[in-house]
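The values are calculated or read from the model by the stated rules, or taken from the named source; none is laboratory data. Since the model is a prediction, treat every value here as computed from it, not as a measurement. Using ideal geometry, Cβ is built from the backbone for each residue, glycine included, and neighbour counts are taken over all protein chains shown. Ligands, DNA and RNA are excluded from the accessible area calculation, which covers all protein heavy atoms including side chains. Shrake-Rupley method; radii C 1.70, N 1.55, O 1.52, S 1.80 Å.
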Amino acid sequence: MKDIAIQGAAHAAAQQSASREAPVEAETEAAAPVEMDEEGGFSSLLSQGEEEAKTLVEMIQEAQEKAEAQREALKLPKNSTRYGDAPLEAYARLARARSTAQVNSATGYARRRLAQFKTALHTDSENSARIKAAISQLQKAVNRGERKKKELNQERLTELRRAKAAKEEKKEKEKLLRQEIRRRKSQRMVRESGYLREAEISDRLAAHLTATQMELRQQAQSLTASTTASVEAAAQQYAAAGASAAASAVPMEAGFSGQA
């Protein structure tokens, strides 16, 4: 009888021990998925941070490529027309003119080029400074052509007077008239050579102004591109920092829950 009682007590104690171990195992099994979920969330946050970092690098590279493309586009001239050559050609024709018909031909060339450049002023905005300078010089060439026609007429009249004085054997008067004709011609030649120098200087100044404007435009575009890239980079860095902070907070919460 005593043996039976001892065996019954041992069996009851074994059942109670098994009932206590069963909830502990169940709690362990229930906690395991939580730890797995926490590890999965941490890895997903890390992968998200890596993707955002890659996106940041790609955006910076894209901004740099756009800025470089803009610089290359500015280096290549869109229009290779030499606007400064037209005033030089007009003044050269005007200087070679020895009659009213030749002067009309020179001023006609200047008027045609003047009309073309006024149209180009609306289509080639990048070279507006050079076009305006050429237009100004061509307009002056037209006005100076009208002046030369008057001077040629005066010289022709003076030559007629000289010929008449020579015919009448008025040597002193004929000599004075010949000197006057030479003086007027020399003065005109000096003045016309000055026209060519003036046109050349005007074109150089306009070319320098155009190059300065293009350089300033390039700097402004580069500054805009770099500013945009900096703002986007700051935003991406802020997002990446937030993701990293959230990812680092997950193990701490898991540790606190485990301690509780």
Q: Take Asp85, Asp124, Asp203 and sort them by solvent-accessible surface of the protein heavy atoms, 1.4 Å probe, largest at the top.
A: Asp85, Asp203, Asp124
Q.
Order Tyr91, Tyr109 by their accessible area, 1.4 angstrom probe, all chains in place, largest first.
A. Tyr109, Tyr91
Q: With a cut-off of at most 13 other beta carbons within 10 Å, and DSSP calling the residue loop, which trypsin sites (Lys or Arg not before Pro) in the range 84-148 qualify? Please list them.
A: Arg98
Q: Express in Å², to the nearest 10, the accessible area of Thr158 obtained by rolling a 1.4 Å probe over the protein heavy atoms while all chains stay in place.
A: 10 Å²
Q.
Can you compute 3J(HN,Hα) from phi for each residue in the range 169-184, using the Karplus curve 6.51 cos²θ - 1.76 cosθ + 1.60 with θ = phi - 60°, rounded to whole Hz and x for Gly and Pro?
A. 6, 9, 5, 5, 5, 5, 5, 5, 5, 5, 5, 5, 5, 4, 5, 5
(Q) Through the Karplus equation 6.51 cos²θ - 1.76 cosθ + 1.60, θ set to phi - 60°, convert the phi angles of the range 157-164 into ³J(HN,Hα) values in whole Hz; use x for Gly and Pro. (A) 5, 5, 5, 5, 5, 5, 5, 5
Q.
Let me cross-check Leu157: its accessible surface, 1.4 Å probe, with only protein heavy atoms counted, in Å² to the nearest 10?
A. 90 Å²
Q) Tell me, what HN-Hα J-couplings in whole Hz come from the Karplus equation 6.51 cos²θ - 1.76 cosθ + 1.60 at θ = phi - 60° for each residue of the range 113-129, using x for Gly and Pro? A) 5, 4, 5, 5, 6, 5, 6, 5, 4, 8, 10, 10, 5, 5, 10, 4, 5
